[in-house]
Amino acid sequence: MRSTIELALVLALAACGAESPAVPIAPSATRETPVVTTSATAPPPTAASTAAPAGSSASAVLPGPPAARDSTASAPLPPARPATLSLSSGRGEPGDAELAAGDDAFERGDLAAADKSYAAARSRGSKGGAAVGLARVRIARQNVALDYASAKGNTSILAAARDLAHVAKETPGFGAAFVELGRAQLLLGDAPAAIDSMKRGTTLLPDEPEAHSQLGVAWLATGHADEAVRELSRAAELDLGSAARHGNLGTALLMTGRTKEAIVQYELRARIDDGDPRAHSDLGTALLATNDLDRALSELRRATALEPTRATFHSNLGYALQQAGQPDRAIAEYREALRLDAGLASAWINLATILARNPKTRAEARAALARAAAASPDDPRVRANLEELNSLEKGVSVGVGPDAGS
């Protein structure tokens with residue numbers, strides 16, 4: 001079971017490039033940005049099937065990745081390391097074999113077998129390792145999203161955290177106990193405590209990528225993106241073959257404005273796991289930030305072909321098409337996004353920016369902005385675009401610039 005918290009792009013990306021003077025209403029780039037699923041966390045923002053833009057065929061052909069995706073394309077990468085921290089002492093102590101079996105089962109996602117093995121390790125005399133393993137399974141069985149503060153008040157995870165804290169206190173040299181405790185504290189929303197636990201874990205396990213990855217997540221949860229980049233960089237260095245670790249580092253780099261470096265990491269992620277639609281979506285949205293529209297479109301189309309039912313993928317592809325001067329196709333993607341998720345405010349806003357171009361469709365643009373306001377009442381983009389629409393209807397342009405989103 002991949003127990004790392006993985007960053008997923010769900011941040012609203014700043015609009016890439018200004019609209020033409022004739023259409024001051026700026027589109028909103030959304031992307032799936034950082035959320036934890038199993039190796040780092042952060043706040044949210046938000047991407048189509050080759051379900052066809054207006055005038056195109058409905059049959060989806062997966063476009064291949066761009067030929068120049070990444071300059072290291074010929075360099076072989078090692079296999080990814082396990083995301084499950086080893087609980088065995090490695091010294092043949094009582095219960096070590098059972099702990100190793102439990103770790104292997106947990107990595108495979110077989111919680112029942114993992115629980116059985118960890119319980120067997122406890123009966124063989126293992127205390128700390130078995131307790132950590134059992135707590136690990138208990139947390140996983142809650143089936144909560146592996147996002148920061150996603151399990152606030154969860155009694156089972158609170159109990160598991162208490163067990164982990166006891167093990168950490170009794171065996172202060174057991175690095176895995178501190179990392180697992182920090183993971184639980186992140187889920188419970190206690191980022192400062194998680195940072196303390198993770199720091200201890202990385203000190204005890206300096207060559208363990210998962211320890212550095214989890215500390216990076218904790219830093220992101222408290223708004224320390226530079227510190228997160230440092231830890232996530234170390235995790236990626238230690239685990240070069242892990243798509244998730246490169247993706248997490250890319251997200252952290254993007255949050256600090258290091259877009260070109262982020263693209264390199266996203267390219268590696270997409271190369272390692274070419275069948276992951278989110279890898280292509282994240283790469284495509286990062287490429288949008290550099291106005292590399294051809295590559296961005298290729299990546300976003302591949303994401304939507306791989307997962308045609310994700311509304312945000314359609315919205316992001318629509319945004320790229322809009323930036324590329326293909327409004328009809330952009331409208332088709334926005335409408336598909338809204339068919340899949342009528343509450344996706346960014347798609348309503350972006351649809352309105354195109355409809356506002358034509359006086360005949362400005363009433364529909366206003367209705368789209370009303371839907372956006374209903375979906376996201378506090379979104380400042382709605383008010384700004386409504387003001388611009390009012391000006392357009394009066395025949396006056398106030399020249400609103402690109403909107404950074406929320």
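What the table shows:
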read-out: Single unsatisfied condition, Thr353 versus (1) within 20 Å of Leu389 (Cα to Cα); (2) within 20 Å of the chain's Cα centre (by Cα); value: (2)
read-out: Residue list for region 327-356, filter: in a loop (DSSP other than H, G, I, E, B) and out of contact with any Leu (no Cβ under 9 Å at 6 or more places or on another chain); value: Asp341, Ala342, Gly343
read-out: Residue within region 95-105 that is modelled with pLDDT of 95 or more, part of a helix (DSSP H, G or I) and farther than 13 Å from Gly129 by Cβ present; value: yes
read-out: Selection count, region 326-367, where residues are under 22 Å from Thr309 (Cβ atoms), small (Gly, Ala, Ser) and buried (at least 23 other Cβ atoms within 10 Å of the Cβ); value: 5
read-out: Cβ-Cβ under 6 Å pairs, at least 6 apart or on other chains, region 238-251 side closer than 18 Å to Leu205 by Cα, far side in a helix (DSSP H, G or I); value: Leu238/Pro209; Asp239/Pro209; Asp239/Arg245; Arg245/Ala235; Arg245/Ala236
read-out: Criterion: touching a Lys or Arg at 6+ places or on another chain (Cβ under 6 Å), assigned to a helix (DSSP H, G or I) and not polar (S, T, N, Q) - qualifying residue of Ala130, Ala112, Ala140; value: Ala130
read-out: Of residues in region 244-277 being surrounded by fewer than 23 Cβ atoms within 10 Å (Cβ to Cβ) and aliphatic (A, V, I, L, M), the one farthest from Leu220 (Cα to Cα); value: Ile272
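The values are calculated or read from the model by the stated rules, or taken from the named source; none is laboratory data. Predicted model only: the values in this text are computed from it and were never measured. Heads up, the Cβs are rebuilt from the backbone with ideal geometry, glycines too, and the neighbour counts pull from every protein chain shown.
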